[in-house]
Amino acid sequence: GAGVSQSPSNKVTEKGKDVELRCDPISGHTALYWYRQSLGQGLEFLIYFQGNSAPDKSGLPSDRFSAERTGGSVSTLTIQRTQQEDSAVYLCASSLTRATYEQYFGPGTRLTVT
Amino acid sequence: GEDVEQSLFLSVREGDSSVINCTYTDSSSTYLYWYKQEPGAGLQLLTYIFSNMDMKQDQRLTVLLNKKDKHLSLRIADTQTGDSAIYFCAEDNQGGKLIFGQGTELSVKP
């Protein structure tokens, strides 16, 4: 079956522009997670969604970052007024439920802010 | 606070055993994980251990957990060149929010 997919795979943007990153989780998975992987900070949790519950946004680094999940499936991570320190690989993962131990990761979107 | 520490590099010869170590700080973690990341690829779950276990074996992989010392290790028997990758340990104490270590880059020399 299809795994977690993310688009675009690479994104280059100018400082100050807004970007949207998309994640398609595995069908039937109710939990969806965003992480960021950068050289300076390693792998960091950003946000997760579980069904219709309010998302846990505790990992978002600033109010320029937001995410939504429409219809309990596809999720979009939006970064407004991008800064160079936002350059990183943004990883999405999904799991059957929040309590399920196995999170399946997508290939990531590499964001470069020039 | 939450913190997971790993050594950054490990080099072994093909056929030897590799041992990758990890320490964590949150004793309430319910699951501890090992993930593998190959160049240009996403994260792949290798194995996990529940916090009430001391050891778990899965083919060439052995996970040891010392809860008293908050120490986790991953042993790879008969290491192959295809095992060259970055290995991340992670803890999960809030039903899915993973806290990752910095990753250990394993280099396997023929």
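The values are calculated or read from the model by the stated rules, or taken from the named source; none is laboratory data. All of these numbers come straight from a predicted model, not from anything done at the bench. Backbone-built Cβ (ideal geometry, glycine too); neighbour counts: all protein chains shown.
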So, in the stretch B:67-87, exactly how many residues are closer than 26 Å to A:E44 by Cβ and not charged (D, E, K, R)?
8
So, in the stretch B:55-110, exactly how many residues are in a strand (DSSP E or B), among the small types (G, A, S) and in contact with a Phe, Trp or Tyr (Cβ under 9 Å, 6 or more places away or on another chain)?
2
How many residues, within the stretch A:10-36, are in contact with a Ser or Thr (Cβ under 9 Å, 6 or more places away or on another chain), of a type in the set (S, T, Y) and surrounded by 12 or more Cβ atoms within 10 Å (Cβ to Cβ)?
3
So, B:S7, is that one among the polar types (S, T, N, Q) and modelled with pLDDT of 95 or more or not?
no
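Conditions (1) of a type in the set (F, W, Y); (2) loosely packed, with under 15 Cβ neighbours inside 10 Å; (3) touching a residue at least 40 places away in the same chain (Cβ under 8 Å); (4) on the phi > 0 side of the Ramachandran plot, marked per residue:
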| site | (1), (2), (3), (4) |
| --- | --- |
| A:S38 | no, no, yes, no |
| A:D56 | no, no, no, no |
| A:P61 | no, yes, no, no |
| A:S73 | no, no, yes, no |
| A:L77 | no, no, yes, no |
| A:S95 | no, no, yes, no |
| A:Q103 | no, no, yes, no |
If B:T25 meets every condition in (1) farther than 29 Å from B:P110 by Cα; (2) modelled with pLDDT of 95 or more apart from one, which number is that one?
(2)
Are any of the residues in the stretch B:26-43 crowded, with 18+ Cβ neighbours inside 10 Å, over 19 Å from A:E44 (Cα atoms) and of a type outside the set (V, I, T)?
no
Where in the stretch A:8-114 are the strands (runs of 3 or more DSSP E), entirely inside, with at least 2 residues that are within 14 Å of another protein chain (Cβ to nearest Cβ) and closer than 29 Å to B:S51 by Cα?
A:31-38, A:42-50, A:88-95
Looking at B:V63, B:V108, which is the one that is at pLDDT 95 or above, surrounded by 18 or more Cβ atoms within 10 Å (Cβ to Cβ) and more than 15 Å from B:Q6 (Cβ to Cβ)?
B:V108
Please verify whether B:I49 is more than 9 Å from chain A (Cβ to nearest Cβ), within 13 Å of the chain's Cα centre (by Cα) and farther than 24 Å from A:G59 by Cα, treating the condition exactly as stated.
yes
Could you please tell me which pairs satisfy a Cβ distance under 6 Å, a separation of 6+ or placement on different chains, a first residue in the stretch B:20-44 that is more than 10 Å from chain A (Cβ to nearest Cβ), and a second residue that is surrounded by 20 or more Cβ atoms within 10 Å (Cβ to Cβ) and at pLDDT below 85?
none
Selection from the stretch B:9-40 of residues over 18 Å from B:F100 (Cβ atoms), in contact with a Lys or Arg (Cβ under 9 Å, 6 or more places away or on another chain), charged (D, E, K, R) and in a loop (DSSP other than H, G, I, E, B) yields B:E14
When the stretch A:7-34 is checked residue by residue, the ones that are in contact (Cβ under 8 Å) with a residue 60 or more places away in the chain and among the hydroxyl-bearing types (S, T, Y) are A:S7, A:S9, A:T13, A:T30, A:Y33
